[in-house]
Amino acid sequence: MSKRPLYTNKFNVPDEVVRAITKDRYTDKSEAPSDYSASTLIAPTQKNILEKRYPLKTRVFDVVDEYWSFLGSIAHAVLEEAYVAVTGSWAEKRIYLTMLGKVLSGKMDIYHNGMIRDYKMTRVYKILKADYLEWEQQQNIYAQLCRENNWPVEEIKIIVLLRDWNKREAYKDGYPKSPIVVIPLRVWPETEAVAFIKRKLSELTHAETLTDEELVATYPCSDRDRWADIRGYAVQKPDSQKAYRRFDTRPEAEVFLAGMNKKEDYVILEQKSDPTRCIDWCKAAPVCLQHNPQWKEMEKNESSSETPIF
């Protein structure tokens, strides 16, 4: 089999840009290895296992797919340098803990005087939803790593840089008034953090013993995992493909349905977006029986001696 590319370059991006975008700024070969990182621990269990099980068959991204991550890494570096220069604290230091026989590590952006600071670049939609669960989980894993290393944690703040903020939209209720938003997160009690970490480690340890078929049955990705967001609610007949009326919230749909004649002929259905994580971002999607149920059969019928990526 020929060597698998790390990236494609469909748009002929110049070499120096390719090198800059694809440079690994997170891994330091001098650091001690770990079984899992805080980032992988909060990812879907099925995704973690499949990426590890099929490293040569997972999705290959194009260089431009890493563009926003690249800009985010630049912002991280500049902000961390500025904060460290003023406070004398440290940034990007990997710390470890051992639990249930597994080594867990994490590399925070900033820790200083009992406070964890993290920098995120995202879209306005994230703020409008106020959906910070994954951030809260990740940062509280960091908090427990800190405690295990005798560093108390009293405060967690996320400094968010909005890449699609529009000044003309800022007058709207709920829309962020600035492209830079500070989000304080709840600091979990130590018992809650330890319980969460143990549950995730136990899931991963168990999942490693399962076949692909057992894995998708036991640890399927949820709509949330797949980024299939609820975008609205439709009032329609159960056997119809077309909505009679659409609403942003369920209460609005319920009020409308209650006032309808022959309302017994209609139901309220959630309208969800496509699972964009699976379609565009999950490395394991090509070998995931939940997303691509026929991939094994397709591979059997492939006449080439090489396994296709897609």
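What follows is calculated from the coordinates using simple rules that are stated; it is not laboratory data. Quick caveat: nothing in here was measured; it's all calculated off a predicted structure. Positions of Cβ are backbone-derived with ideal geometry, glycine not excepted, and every protein chain shown enters the neighbour counts.
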Considering the Cα positions of segment 230-272, please state its Rg to one decimal place and its Dmax as a whole number of Å. 9.4, 27
For segment 14-74 and segment 189-232, what is the separation of their C-alpha centers, rounded to whole Å? 20 Å
With θ set to phi - 60° and the Karplus curve 6.51 cos²θ - 1.76 cosθ + 1.60, what are the ³J(HN,Hα) couplings of segment 254-260 in order, to the nearest whole Hz, using x for Gly and Pro? 5, 5, 5, 4, 5, x, 7
The chain, helix-only ellipticity at 222 nm - DSSP H runs n ≥ 4, -39,500 (n - 2.57), divided by all residues, nearest 500: -10000 deg cm²/dmol
Segment 275-291 and segment 102-130: distance between their alpha carbon centers, rounded to Å: 25 Å
Of the GluC sites (Glu not before Pro) in segment 124-228, those whose Cβ has at most 14 other Cβ within 10 Å and which sit in DSSP loop: Glu154, Glu208
Find the eigenvalues of the gyration tensor of the Cα atoms of the chain, then list the square roots of 5 times those eigenvalues as equivalent ellipsoid semi-axes, largest first, in whole angstrom. 34, 29, 23
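Please arrange Arg245, Arg277 by counting, for each residue, the other beta carbons lying within 10 Å of its beta carbon, fewest first.
Final ranking by Cβ density, sparse to dense: Arg245, Arg277.
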Taking Cα pairs closer than 8 Å and at least 6 residues apart, the relative contact order of segment 1-114 in percent is 33 percent
Length-normalised contact order for the chain - Cα pairs under 8 Å, 6+ apart - percent: 18 percent
Of Lys120/Lys272; Lys172/Lys198; Lys47/Lys129; Lys120/Lys198; Lys29/Lys129; Lys126/Lys242, pairs whose Cα-Cα distance is over 31 Å: Lys172/Lys198; Lys29/Lys129
Under the Karplus relation with 6.51, -1.76 and 1.60 and θ = phi - 60°, whole-Hz ³J(HN,Hα) for segment 209-220, x at Gly and Pro, equal 8, 8, 6, 4, 5, 5, 5, 5, 6, 8, 10, x
Of the candidates Val86, Val255, Val181, which one comes out as most mobile in a Gaussian network treatment of the chain with C-alpha springs shorter than 10 Å? Val255
³J(HN,Hα) computed for each position of segment 70-85 - Karplus, 6.51 cos²θ - 1.76 cosθ + 1.60, integer Hz, glycine/proline x: 4, 4, x, 5, 5, 4, 3, 4, 5, 5, 4, 4, 5, 5, 5, 4
